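The values are calculated or read from the model by the stated rules, or taken from the named source; none is laboratory data. Just so it is clear, the model here is predicted, and its values are computed rather than measured. Cβ sites come from the backbone with ideal geometry, for glycine too, and all protein chains shown count toward neighbours. Surface areas here come from the heavy atoms of the whole protein model, side chains and all, with no ligands, DNA or RNA. Shrake-Rupley method; radii C 1.70, N 1.55, O 1.52, S 1.80 Å.
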Amino acid sequence: MASPTAPASLWSRKRDLIYFSFFAIHIPIIFLVDAAPILPTALQSNLSHTIRQFYIDTYHDKFFEGPPAPWFYFFILMELFYHVPVSVWALGALKRDDPLVPVHLLIFGIQAFLTTSICLVEVWSWADRTVAQKQNISMLYAPYAALGAFIALDMFFRLRTRLLVKSKKE
């Protein structure tokens, strides 16, 4: 009986290493910045309030200046109840090269790309912000949208390759 082969080291899988790094950073950002205003007071910190105020003062992001619009509130809830669990799972799954990574990260990538793109469209509709302010905010949102799209495409092609190989064997 052949022994199962050990997964390749995460250090040798460059894209997965980038994704791992992203998820490791993404989790604290959700709690310290994005979801902070809707968390129970006991889960909010002075650090979070300081970071958020710096962010608002620097980027003039209307999404964070007052109570969130209902659709943005829903996006924050998706971060808490979808992104956090998937991100925590992804850290371990990427390390062990779990075969379900492409399935879960395809969904994550599509969702991250779509919600962030919607935010970008909204930013560019703001009449009370200068073009420079909109560009500044876009410099934060656009890479996140691009990473979501890249993850989705990467996972789609990983799944496609697996399915085509399986199809040829049958």
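Values for this structure:
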item	result
Among (1) open to solvent by 20 Å² or more (accessible area, probe 1.4 Å); (2) over 17 Å from Arg15 (Cα atoms); (3) among the aliphatic types (A, V, I, L, M) - the single one Leu106 does not satisfy	(2)
Selection count where residues are surrounded by 12 or more Cβ atoms within 10 Å (Cβ to Cβ), under 12 Å from Asp61 (Cβ atoms) and not hydroxyl-bearing (Ser, Thr, Tyr), scope segment 126-141	7
Within segment 112-170, considering residues that are part of a loop (DSSP other than H, G, I, E, B) and either modelled with pLDDT of 95 or more or within 20 Å of the chain's Cα centre (by Cα) (or both), the one farthest from Pro70 (Cα to Cα)	Thr130
Flag if Asp97 is open to solvent by 30 Å² or more (accessible area, probe 1.4 Å) and on the phi > 0 side of the Ramachandran plot	yes
Subset of segment 9-64 (residues that are open to solvent by less than 80 Å² (accessible area, probe 1.4 Å), under 17 Å from Leu91 (Cβ atoms) and basic (Lys, Arg))	Arg13
Among residues of segment 142-158, those that are open to solvent by 30 Å² or more (accessible area, probe 1.4 Å) and either touching a Cys at 6+ places or on another chain (Cβ under 7 Å) or more than 15 Å from Leu114 (Cβ to Cβ) (or both), counted	3
